[in-house]
1. Once both labels are modelled 7 Å past Cα along the beta-carbon direction, what's the LEU108-MET74 spacing in nm?
2. Given the Cα-Cα distance of LEU193 and LYS175 and 0.36 nm per residue of separation, how much length would full extension add, in nm?
3. Which of the aspartates and glutamates could a cross-linker span from LYS169 if the Cα-Cα distance has to be under 17 Å and same-chain partners fewer than 8 positions apart are dropped?
4. In the P(r) worked out for the stretch 88-243, what percent of Cα pairs fall beyond 25 Å?
5. Can you work out the Karplus-derived ³J(HN,Hα) for every residue in the stretch 227-244? Use 6.51 cos²θ - 1.76 cosθ + 1.60 with θ = phi - 60°, whole Hz, and x for glycine or proline.
6. How large are Rg and Dmax for the stretch 147-190 when only the alpha carbon atoms are used, in Å?
7. So if the hydrodynamic radius of the stretch 157-259 is defined as the Kirkwood radius over C-alpha pairs, what does Stokes-Einstein give as its diffusion coefficient at 20 °C and 1.002 mPa s, in µm² per second?
8. Within the stretch 103-131, what residues put their amide N at less than 14 Å from the label point 7 Å along the Cα-to-Cβ vector of VAL254?
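Where a number appears in this text, it was derived from the coordinates with a stated rule and is not lab data. The model shown is predicted, which means the values in this text are computed figures rather than measured ones. Glycine gets a Cβ as well: all are built from the backbone with ideal geometry, and neighbour counts include every protein chain shown.
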Amino acid sequence: MGAYSRTGSRAVLLSLLLCGIAGVAWAQAQTGVPNQGQLPLLVGSGNGGLNFSVPIQTLLFFTALSFIPAVVLMMTSFTRIVIVLSLLRQALGTQSAPPNQVVIGLSLFLTLFVMGPTLDKVYEDAYLPYSQGQMPFEVAIQKAEVPMRAFMIKQTRQSDFMLFARLAKLPSDVKSDTAPMRVLVPAFVISELKSAFQIGFMIFIPFLVIDIVVASVLMSLGMMMLSPVLVALPIKLMLFVLADGWNLLVGSLVASFVQ
């Protein structure tokens, strides 16, 4: 409870800070009186409007960085990939091989590979025009949402989308193309979890058969004191390597996102 209370307190303080900054900026915009001897909160733009100054933009940027892990985890292929790799490690029976750092690193690079076309569209349609000053930030966000939404829709099951649409009390004729992100994102995550466990089930079957065979042979030989897990581990590793398991697994995993 202490950790949750500290986290909640930090979130409240950060919200109050941002609200205070926005309030002061709004007051300056209304009165037109600049801060004397202090960094300005608002600066003029070329089209006659007002933008946040560089220190305030930096503060908002670092605040937005806290949402990047949630975006990577919940709106990309990372969830399915990391779960499948973790289930593979459990099916092999190895406790820490490959280690967590390798699993997370491989999952991140595979995520970048799978999300490459989508991220390229986000860069070309949203970030590049925004960085060149051709569109405001709000329009860039809307442009960036289009390819991300298209990727999530391809991987989201209709039943999962209808579940959250019904829980959100959306109209019955609403489609995934026009549904808000607060409905589409959890539906996408549920679909990813379901797909990951389905792939994990298919991975577990051959290794489970090996465990059963090894345990039966040891029991028939009367070797009750010898651990079946210890004997089955090198056999599973050998078969996995001989079958080129990493090639098959990663290839099938990446191909599961192509539709």
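1. Between LEU108 and MET74, the label points sit 2.1 nm apart.
2. Answer, rounded to one decimal: 4.3 nm.
3. Within the straight-line limit of under 17 Å, LYS169 reaches these aspartates and glutamates: ASP160, ASP177.
4. In whole percent, the share of Cα-Cα pairs in the stretch 88-243 beyond 25 Å is 55.
5. With the stated coefficients, the stretch 227-244 comes to 6, x, 5, 5, 6, 6, 4, x, 5, 5, 5, 5, 5, 5, 6, 5, 7, 6 Hz.
6. When restricted to the Cα atoms of the stretch 147-190, Rg and Dmax are 9.1, 26 Å.
7. Translational diffusion coefficient: 124 µm²/s.
8. Residues 106-117 qualify, since their backbone N sits under 14 Å from the label point.
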